[in-house]
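*Asks:* Dumping the structure here so I can ask a few things about it.
The values are calculated or read from the model by the stated rules, or taken from the named source; none is laboratory data. Quick caveat, the model's predicted, so the values are computed rather than measured. Note that each Cβ is placed from the backbone with ideal geometry, even for glycine, and that neighbours are counted across all protein chains shown. For the accessible areas, the whole protein counts, side chains as well, though only heavy atoms, and no ligand, DNA or RNA atoms are used. Shrake-Rupley method; radii C 1.70, N 1.55, O 1.52, S 1.80 Å.
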Amino acid sequence: MENMENLNQENISPEFHSRLDMAELQQSLEAVKAEIGKVIIGQEVMIEHLLAALLSNGHVLIEGVPGVAKTITAKLLAKTIDVDFSRIQFTPDLMPSDILGTSIFNVKNSEFEFKKGPVFSSFILIDEINRSPAKTQSALFEVMEERQITMDGKQYEMQEPFLVVATQNPIEHEGTYRLPEAQLDRFLFKINVGYPNLAQEVQIIKNQHQNKLEDKTDAVQKVMTGVQLKNYQHLVRNVQVEPQLLEYVAKIIVNTRENQFLYLGASPRASLALLTASKAFAAIRGRDFVTPEDIKEASYAVLRHRIMVSPEREMEGLTADEIIRQIVDAIEIPR
């Protein structure tokens, strides 16, 4: 990996190396990690992917069994950024108007007034998104993709930055409604969260035993403003990508469509998502240029919810991540 990065750096002109200043961005991200680390033990991959999504201005779906800190990590991340925050608990009886808002008749002026719902915030946490039926889930289609809603023939723009983080439980399926592929495609990442290792589990227990976690949530401070985040997002968009790496991204996506183990391949939206996410990972590493390793690292979270394993292979136990690994390893790395 180190040799690969050195090889890529040799092909970049000196002017290119100094084109973007990533120092402030990295300092802010380290400050965010430090604040979240006051409460969360481990889960570095989830936290880093959430930060990459922030920089990419993309939405995130987090999947994991109960108790692995999905919801609290998202809440803590929102707490470190000085923007409006809303948490929406999805339930079977939740209606679209409970999310978007509704028009209410004002007796004083004899007119209908639109009362905005909780979606009108910069950071939205949707807990257990698959607990609500399709009618409520579909209310998110327009707002997630176009960052606006249309109500009574009038458009309402979302304030920037705008990020949706949704969680779901992969184990318990009773009373749940599977997200359609069209909605899954609107998430930049799908993050799979696993259990902590032994050392992390011991530290979690020690902290709880010593009562160190009781007030730490309140101790988390805001370390980034909404204006700073928008500036960082603009900075990430200017991260350079060499032409051969653009072709590398395209080859990965096209191979998902031609793979014999897949029933459904990735769409062009996945190409754009992989490119954007790779830039974010490069910025997190302090670089203003993308390497093949950035693309490979982003490919799993970008693609795992956009492809469908064929029923025969799924019965054999083959997973989307394993197929993505095969595809990435089979494509020659650009030099």
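*Asks:* Could you give every pair whose Cβ atoms fall below 9 Å, whose first residue belongs to region 54-76 and is in contact (Cβ under 8 Å) with a residue 12 or more places away in the chain, and whose second residue is open to solvent by 30 Å² or more (accessible area, probe 1.4 Å) and among the aromatic types (Phe, Trp, Tyr), counting only separations of at least 6 or pairs across chains?
*Replies:* Once the first residue is in contact (Cβ under 8 Å) with a residue 12 or more places away in the chain and sits in region 54-76, its partners that are open to solvent by 30 Å² or more (accessible area, probe 1.4 Å) and among the aromatic types (Phe, Trp, Tyr) give 64/195; 65/195; 68/195; 75/85.
*Asks:* Taking region 143-153 only, how many residues are at pLDDT 85 or above, farther than 16 Å from residue 184 by Cβ and out of contact with any helix residue (DSSP H, G or I) (no Cβ under 8 Å at 6 or more places or on another chain)?
*Replies:* Going through region 143-153 one residue at a time, the tally reaches 2.
*Asks:* Give 285, 313 a once-over and let me know the one that is closer than 16 Å to residue 45 by Cα and surrounded by fewer than 22 Cβ atoms within 10 Å (Cβ to Cβ).
*Replies:* 285
*Asks:* Here is a follow-up. Give the residues of region 123-137 that are open to solvent by 10 Å² or more (accessible area, probe 1.4 Å) and at pLDDT 90 or above, sorted by residue number.
*Replies:* 127, 128, listed by residue number.
*Asks:* Name the strands (runs of 3 or more DSSP E) wholly inside region 153-198 in which the number of residues that are more than 19 Å from the chain's Cα centre (by Cα) is 3 or more.
*Replies:* Passing ranges, in order: 154-157.
*Asks:* Can you tell me which residues in region 32-45 are among the aliphatic types (A, V, I, L, M) and open to solvent by less than 30 Å² (accessible area, probe 1.4 Å)?
*Replies:* Selection gives 32, 36, 39, 40.
*Asks:* Here's a follow-up. What are the residues in region 104-122 that are open to solvent by 60 Å² or more (accessible area, probe 1.4 Å), assigned to a loop (DSSP other than H, G, I, E, B) and among the β-branched types (Val, Ile, Thr), if any?
*Replies:* Within region 104-122, just 107 meets the criteria.
*Asks:* Looking at (1) of a type outside the set (Asp, Glu); (2) farther than 14 Å from residue 168 by Cα; (3) without any contact (Cβ under 8 Å) to a residue 60 or more places away in the chain; (4) in contact with a helix residue (DSSP H, G or I) (Cβ under 7 Å, 6 or more places away or on another chain), find the lone condition where residue 137 falls short.
*Replies:* Here residue 137 meets the rest and fails (2).
*Asks:* In addition: Considering only residues that are open to solvent by 80 Å² or more (accessible area, probe 1.4 Å) and more than 30 Å from residue 178 (Cα to Cα), which ones fall in region 65-103?
*Replies:* Hit for region 65-103 is 82, nothing else.
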